[in-house]
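Notes to accompany the following structure.
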Amino acid sequence: MKDNYKKKNDIKILDIDPYLKPFETDIRFRVNRYKEIKKALLGDYSNFESFANGNLFYGFHLCDEGWYYREWAPAAEALYLIGDFNFWNPESHPLKKMTNGNWEIFLKGKQALTHMSNVKVRIVAKGVSKDRIPLYIKRAIQDPVTNDFFGQIWQPESPFVWQDSEFHVDHSKPLFIYETHVGMAQEKEDIGTFNEFTQNILPKIKAEGYNTIQLMAIMQHPYYASFGYQVSNFFAVSSWFGTPDDLKLLINTAHSMGITVLLDLVHSHAIKNIAEGINEFDGTDYQFFHTGSKGCHPAWDTKLFNYGKPEVLHFLLSNIKFWLQEYHFDGYRFDGVSSMLYHHQGLGVEFTDYSKYFSIETDVEAITYLQFANELVKEIRFDAITIAEDMSGMPGIALPVSYGGIGFDYRLSMGIPDLWVKILKERSDENWSMMQLWYELTSRRPEEKCIAYVESHDQALVGDKTLMFRLAGPAMYHHMMKTDNNLIINRAVELHKMIKFLTMSLAGEGYLNFMGNEFGHPEWIDFPRKGNDWSFHYARRQWSLIDNKDLTYDYLLNFDKEMLAFFKFHNVLGANDLLNLWIDEELNLLAFRKGGLIFLFNFNPTKSFEEYELPTMESGNYTVIFNSDEQIFGGYDRISPNYIYHTNTLPNKENKIGITIYSPSRTLLVLKKS
């Protein structure tokens, strides 16, 4: 009997979430598969860190005698290195075929190739020759005349000198993430650079109080308007923004400011382009991807990796190690995880019950890969961070692999922005359900940490609306002067503050904001494309709006900065004592305790309550330590920070212990026991 009990509870996820018991067989299959594939994949290697070294073997490598160049192209018939070094001669530098589909050439002399030489590899497969960009190239550039892309040797005479050896991620401090895109981070109607970001934007992020940046579109992508999500060259830094050393300087500078840097990693799919990308590199459609329709994403028109193929695992895991070590990234936000987890890519499926996670549509090969990826990250950097962008809610995605989970540190709370969009679309705020807000913002997988957010880049894209624009609409174009006192703008500002504060309070152990949304950026994101006559007008951020102190954007930025400072100082996101104190559906009020503090939200659009009975559950004296009604936030200073509230019995609240307090409409306040 004792042995039987042990057998049923040796995988911790089954104890953490009892609702998974009916799927114990599936979970055990995942656990066993992980162990079996890991053993077969590593072979004589001791761990993933020693295994994932593809970039140290393949690609271009300078030694004392000259240069080695190697490729993996198992189905190719011949390979030739071409470039400006040999005047693009298609036959003078053939590669020699080695074992296991590998090809190699040695170029004698250190000057055989030079820094910033342009190169390609001509691949002959099925009798057809195609010029391709080397798989492990560190930089790819576009010819401004022909628009063709080339690989470029990146071997500067003086290597970049890092100065961040003392920097480490402190896991005891919650993440306040600033999601950002280097190209559109400037106000100019053009593509911003790494150096401009380092000089102009990093100081803003630091001053605003965010301790982490999440960099989008860093891996090389030929189509700027893809937002970086159609990667062509997985080891190359996006040449849209500058050089590899420019990126290193950005990260080195961020570390000097105490800012953690995450890479938005795209291993869920790849661009289908043949000339620029890795698709059909050796002449087959199955070198990296599933063959036929299984290898094509129906919604994104991209290629889907075959995570069951050892060589693909080696390529992707080597890519993870490369960005951590070469560029000192502190971890990853894995993009499109839902697409990876299911053969249906999560399209058109409502994940209404647990059986949806354990069906034949679940891609266990992808699950195993993600487990490997998370284990590798921790082997390389024990303090590194991984975040999963999964909208399906896969159980265990943010639990350790040893528990039977997938190993991420956090999952993105993707349902929260959808919740706010739905509420704002379907109901006026006087009809909001406080019970629904409490339930939706506090319900999540047990013991799995989440990154809360109201809006990311997804909500800012053309076709959607940012929170502020959804609240204010066209009035933002005409009534954002502080002196306007416009009712629509006033409502928008009040709710903007409350929604963000409530979401940060309840919905996760970390928080994310997309750049510009902290001050209610007025316009959407639309990259230059044929449909907008290749305009950059909406592919930028208008920082001048917050430089003008006569505009209401100043109020929103002040609030965001003080909100972050408050949550940091009181470590609210790290608290585990959340308690619902009172929900008043009729009057639109919500109160709870967290981190030893009392939070009161009055969402009522018209009613202020002179003597609202607020349960505290503890006797004592209380003072207001934060409120949204301060004048620097666009409020009216109706809440005193100096008044001391004494507890007593509340006759209208079931004789609970609490205080009587003034609660203005559309305000939030936080009290602390003295």
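The values are calculated or read from the model by the stated rules, or taken from the named source; none is laboratory data. Just so you know, these numbers come straight off a predicted model, no measurement behind them. Note: ideal-geometry Cβ built from the backbone for every residue, glycine included; neighbour counts use all protein chains shown. The accessibility values were calculated without ligands, DNA or RNA, using every heavy atom of the protein model including side chains. Shrake-Rupley method; radii C 1.70, N 1.55, O 1.52, S 1.80 Å.
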May I ask you to verify whether residue 96 is modelled with pLDDT of 95 or more, over 23 Å from residue 160 (Cβ atoms) and either open to solvent by 60 Å² or more (accessible area, probe 1.4 Å) or among the polar types (S, T, N, Q) (or both)?
yes
Have a look at 518, 494 and point out the one that is touching an Asp or Glu at 6+ places or on another chain (Cβ under 6 Å), surrounded by 24 or more Cβ atoms within 10 Å (Cβ to Cβ), modelled with pLDDT of 95 or more and closer than 30 Å to residue 600 by Cα.
518
Is there a residue in the range 78-94 that is within 25 Å of residue 311 (Cβ to Cβ), outside any loop (DSSP other than H, G, I, E, B), in contact (Cβ under 8 Å) with a residue 12 or more places away in the chain and of a type in the set (D, E, K, R)?
no
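Residue-by-condition table, conditions (1) of a type in the set (S, T, N, Q); (2) surrounded by 18 or more Cβ atoms within 10 Å (Cβ to Cβ); (3) in a loop (DSSP other than H, G, I, E, B):
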{"position": "441", "(1), (2), (3)": "no, yes, no"}
{"position": "445", "(1), (2), (3)": "no, yes, yes"}
{"position": "451", "(1), (2), (3)": "no, yes, no"}
{"position": "455", "(1), (2), (3)": "no, yes, yes"}
{"position": "476", "(1), (2), (3)": "no, yes, no"}
{"position": "483", "(1), (2), (3)": "yes, no, yes"}
Step by step: first the residues of the range 301-331, then only those that are touching a His at 6+ places or on another chain (Cβ under 9 Å) and under 27 Å from residue 246 (Cα atoms), then the one that is most open to solvent (accessible area, probe 1.4 Å). Which residue is that?
328
I'm checking my understanding of the structure. Among residues of the range 251-280 that are hydroxyl-bearing (Ser, Thr, Tyr) and closer than 17 Å to residue 170 by Cα, which one is nearest to the chain's Cα centre (by Cα)?
260
Which of the residues spanning the range 551-590 are under 17 Å from residue 206 (Cα atoms) and either of a type in the set (Val, Ile, Thr) or open to solvent by 30 Å² or more (accessible area, probe 1.4 Å) (or both)?
558, 561, 562, 565, 568, 569
Residues that are among the polar types (S, T, N, Q), farther than 18 Å from residue 276 by Cβ and open to solvent by 50 Å² or more (accessible area, probe 1.4 Å): does the range 210-220 have at least one?
no
The range 606-629, subset touching a residue at least 60 places away in the same chain (Cβ under 8 Å) and closer than 27 Å to residue 546 by Cβ, residue surrounded by the fewest Cβ atoms within 10 Å (Cβ to Cβ):
626
Residue tally, condition among the small types (Gly, Ala, Ser), within 12 Å of residue 182 (Cα to Cα) and open to solvent by 10 Å² or more (accessible area, probe 1.4 Å), over the range 237-256
2
Can you list residue pairs whose Cβ atoms sit under 6 Å apart, with the first residue in the range 319-335 being closer than 12 Å to residue 234 by Cα and part of a loop (DSSP other than H, G, I, E, B) and the second being open to solvent by less than 10 Å² (accessible area, probe 1.4 Å) and not basic (Lys, Arg)? Count only pairs 6 or more apart in sequence or on different chains.
none
For residues that are in a loop (DSSP other than H, G, I, E, B) and open to solvent by 60 Å² or more (accessible area, probe 1.4 Å), scanning just the range 524-536, find the one that is modelled with the lowest pLDDT.
524
Conditions (1) over 21 Å from residue 266 (Cα atoms); (2) open to solvent by 70 Å² or more (accessible area, probe 1.4 Å): number failed by residue 223
(1)
Working carefully through the options 314, 297, find the one that is at pLDDT 95 or above and touching a Leu at 6+ places or on another chain (Cβ under 7 Å).
297
Please indicate, with yes or no, whether at least one residue in the range 419-439 is touching a residue at least 60 places away in the same chain (Cβ under 8 Å) and under 20 Å from residue 519 (Cα atoms).
yes
Which pairs do you get when a residue that is free of Cβ contacts under 8 Å to residues at least 12 places away in the same chain, found in the range 633-645, comes within reach of a residue that is in a loop (DSSP other than H, G, I, E, B) and open to solvent by less than 50 Å² (accessible area, probe 1.4 Å), reach meaning Cβ atoms under 8 angstrom, with the pair 6+ apart or on two chains?
637/629
When the range 52-80 is checked residue by residue, the ones that are among the aliphatic types (A, V, I, L, M), surrounded by fewer than 22 Cβ atoms within 10 Å (Cβ to Cβ) and more than 23 Å from residue 130 (Cβ to Cβ) are 56, 62
I want to confirm something. Restricting to the range 103-118 and keeping residues that are open to solvent by less than 40 Å² (accessible area, probe 1.4 Å) and without any contact (Cβ under 8 Å) to a residue 40 or more places away in the chain, which single residue is nearest to residue 288 (Cα to Cα)?
103
Scan the range 286-315 residue by residue and report those that are aliphatic (A, V, I, L, M) and in contact with a Gly (Cβ under 9 Å, 6 or more places away or on another chain).
304
Going by the conditions given, is residue 376 part of a helix (DSSP H, G or I) and under 23 Å from residue 508 (Cβ atoms)?
no
Out of 156, 174, which single residue is outside any strand (DSSP E or B), farther than 24 Å from residue 326 by Cα and in contact (Cβ under 8 Å) with a residue 12 or more places away in the chain?
174
Enumerate the strands (runs of 3 or more DSSP E) found wholly within the range 549-618, keeping only those where 3 or more residues are of a type in the set (D, E, K, R) and over 30 Å from the mean Cα position of the chain (by Cα).
609-615
Scan the range 178-192 and give yes if some residue there is aromatic (Phe, Trp, Tyr) and under 18 Å from residue 326 (Cβ atoms), otherwise no.
no
Determine the pairs where a residue that is within 15 Å of residue 316 (Cα to Cα), located within the range 37-51, has a partner that is outside any helix (DSSP H, G or I) with Cβ atoms under 6 Å apart, the partner being 6 or more residues away or on another chain.
51/45
When the residues of the range 119-150 are narrowed to those that are closer than 21 Å to residue 55 by Cα, among the aliphatic types (A, V, I, L, M) and in contact with a Ser or Thr (Cβ under 8 Å, 6 or more places away or on another chain), which ends up surrounded by the fewest Cβ atoms within 10 Å (Cβ to Cβ)?
141
Name the single residue that is nearest to residue 222 (Cα to Cα) among those in the range 269-294 being surrounded by 18 or more Cβ atoms within 10 Å (Cβ to Cβ) and of a type in the set (Phe, Trp, Tyr).
281
Pick out the one residue from 167, 234 that is surrounded by 20 or more Cβ atoms within 10 Å (Cβ to Cβ), at negative phi and assigned to a strand (DSSP E or B).
234
